[in-house]
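What follows is a short report on a single structure.
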Amino acid sequence: MTLQIPFENTYVSLPNRLFSHQKPTPARAPKLLAFNEPLADKLGIRRTHDPDELAQVFSGSTLPEGAQPIAQLYAGHQFGNWNPQLGDGRAVLLGESKGYDIQLKGSGPTPYARRGDGRAWLGPVLREYMVSEAMHALGISTTRALAAVEIGEEIMRDRPLPGAVLTRVASSHIRVGTFQVLAARQDVKGLQALLDYSIARHYPSASTPAAFLREVVAKQAELIAQWMSVGFIHGVMNTDNCAISGETIDYGPCAFMDAFHPGQVFSSIDRHGRYAYGNQPQIIAWNMAQLATSLLPLEDNSDAAVEEFTDIINDMPGMLRGMWQDRFAAKLGISETKDNDEGLITHLLSIMTDQKADFTNSFRYLTDGSVTETGLEAHKDYSAWHAQWTDRKREQPTDPVEVMAKSNPYLIPRNHQIEAMITQAVAGDLNLFHRLNAALSSPFEASPEAADLTVPPTTEEKVTQTFCGT
């Protein structure tokens with residue numbers, strides 16, 4: 001084999017109750033659909049340019065030398081309900097390279113599959129490939145996509161659909177739920193080993209559970225502020241989908257807003273709006289409280305630890321609000337913020353809500369006036385708001401237009417375009433998939449060739465529900 005990956009395989013040094021050794025299931029007739037060569041270079045992968053060999057490896061049909069495939073164990077709160085054992089039901093971690101996990105998703109059942117077939121169908125694989133790479137281009141912390149491979153066989157969902165495997169890359173796949181499963185089992189020794197490993201891998205400056213918690217909280221606050229600033233809705237912020245690295249992970253029923261509304265929900269399984277756009281700051285604080293609870297068994301003085309951990313969690317909303325204000329102020333060209341800028345921002349968002357204005361295009365319209373008319377001017381409060389905003393821009397030391405241009409993308413992965421891409425891909429046409437990937441790699445650049453990709457959906461094109469990738 002000419003493909004070589006410099007595997008490090010440090011996760012298997014942890015107690016073996018955190019994982020199960022599991023080889024991926026070979027694919028019947030794997031076919032390479034996409035391969036991320038710049039990411040492969042970053043991972044130190046020496047590779048062939050033979051698509052058949054790449055398809056063999058990244059479908060799980062051939063194990064590269066040095067791989068030690070495992071499925072990871074974790075638990076989690078799903079929509080607030082405790083599930084004591086989850087785990088990688090259809091994913092296998094091949095190992096780590098250059099400090100990054102390389103994981104196959106959809107590579108067959110594992111001991112945690114819970115009667116599932118362990119496979120993924122083509123639509124969610126291409127969605128996660130495209131959306132995760134788009135998030136990376138937007139500057140948002142995220143897992144990444146290395147390869148997408150069709151497996152050459154159909155899998156059953158509501159109907160027969162083409163099966164596929166995604167190769168996902170992450171700083172690690174350690175989740176809040178990884179800590180929760182050990183804490184729930186009162187496995188203090190395993191919990192300490194996991195904490196030591198997580199600190200060494202992600203937060204080497206932390207020396208105590210409290211210091212670790214504080215750093216994870218800061219990373220998560222930053223991530224949610226990033227999501228909010230581009231109108232992203234994760235859709236399923238369960239604790240098992242919350243990575244302690246601060247990366248966006250598990251792109252299931254995710255979506256980007258078109259018309260702005262703080263209560264926007266797309267996930268078909270979020271029937272009560274728990275993970276709505278505007279609830280994401282509260283939910284991440286709730287998730288961090290669950291992490292704090294899981295760390296308590298490691299503290300000798302539990303009363304003092306509860307007090308310290310509570311202070312850390314209680315500080316999170318204010319921290320996140322400050323990060324949110326900085327990001328939205330930059331979207332308005334304000335590089336030096338004041339406390340009352342929050343009012344300026346929320347007033348604009350209220351106008352956008354009333355006008356059902358497109359989130360992405362509204363900010364581009366404010367940046368350069370050349371994007372599709374959003375209808376903000378028709379609102380009774382817009383003139384007064386615009387005057388106040390103009391005054392704030394005059395006070396800035398940096399050119400507001402330059403600040404806005406770096407903060408307001410032209411392009412996002414729009415839901416109707418994703419659905420059109422999946423429909424075409426299932427029919428065997430990957431042209432739209434490749435076109436969208438290419439355009440979304442430069443989301444802040446205006447391009448005449450991509451102008452049609454900035455247009456919001458028509459009434460007939462609107463996507464009102466997104467579904468988990470299974």
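The values are calculated or read from the model by the stated rules, or taken from the named source; none is laboratory data. Quantities reported herein were computed from a predicted structural model and do not represent experimental measurements. Please note: Cβ atoms are built from the backbone with ideal geometry, for glycine as well, and neighbour counts cover all protein chains shown. Remember, those area values only see protein heavy atoms, side chains included, never the ligands or the DNA or RNA. Shrake-Rupley method; radii C 1.70, N 1.55, O 1.52, S 1.80 Å.
Charging the Cβ of each Asp and Glu at -1 and of each Lys and Arg at +1, and nothing else, the dipole of the chain about its Cα centre rounds to 1060 debye. Here the extension length gained between Arg321 and Ala451 equals 43.5 nm, from 0.36 nm per residue of separation less the Cα-Cα distance. The helix-only estimate of mean residue ellipticity at 222 nm for the chain, built from DSSP H runs of length n ≥ 4 each weighted as -39500 (n - 2.57), is -13000 deg cm²/dmol after division by the residue total. Here the gap between Lys31 and Arg114, fully extended at 0.36 nm per residue and compared with their Cα-Cα distance, gives a gain of 27.1 nm. Lysine pair count for the chain with Cα-Cα distance under 16 Å and sequence separation of 8 or more or different chains is 9. Net charge within 12 Å of Leu14 by Cβ-Cβ distance, Lys/Arg positive one each and Asp/Glu negative one each, not counting Leu14 itself? Result for the local shell: +1.
The local environment of Arg214, defined by Cβ-Cβ distances under 11 Å, has a net charge of -3 under the rule Lys, Arg +1 and Asp, Glu -1. At a probe radius of 1.4 angstrom, the accessible area of the chain per residue rounds to 40 square angstrom.
When the square roots of the Cα gyration tensor eigenvalues are ordered a ≥ b ≥ c, the ratio a/c for the stretch 174-252 is 1.5 or more and a/b does not exceed b/c, which makes its shape oblate. In this simple spin-label approximation, Ala378 and Glu8 carry label points 7 Å from Cα along the Cα→Cβ vector, and these lie 5.5 nm apart.
For the chain, with all protein chains present and a 1.4 Å probe, just round the carbon and sulfur fraction of the accessible area to a whole percent.
The value for the chain is 49 percent carbon and sulfur by accessible area.
The slack between Glu419 and Gln192, meaning 0.36 nm per residue of separation minus the straight C-alpha distance, is 77.3 nm.
Which of the three applies to the chain, rounded, prolate or oblate, going by the alpha-carbon gyration tensor with a ≥ b ≥ c and a/c under 1.5 meaning rounded? Because a/c hits 1.5 or more and a/b fails to exceed b/c, the chain counts as oblate. Modelled this way, with points 7 Å down the Cα-to-C-beta line, the labels at His347 and Arg185 are 5.6 nm from one another. Within the chain, the whole DSSP H helices whose Cα atoms reach 24 Å or more along their own axis and whose mean Kyte-Doolittle score is at least 0.0 are 209-229. With a simple spin-label model that places each label point 7 Å from the Cα along the Cα-to-Cβ direction, the separation between Ala200 and Phe444 comes to 3.7 nm.
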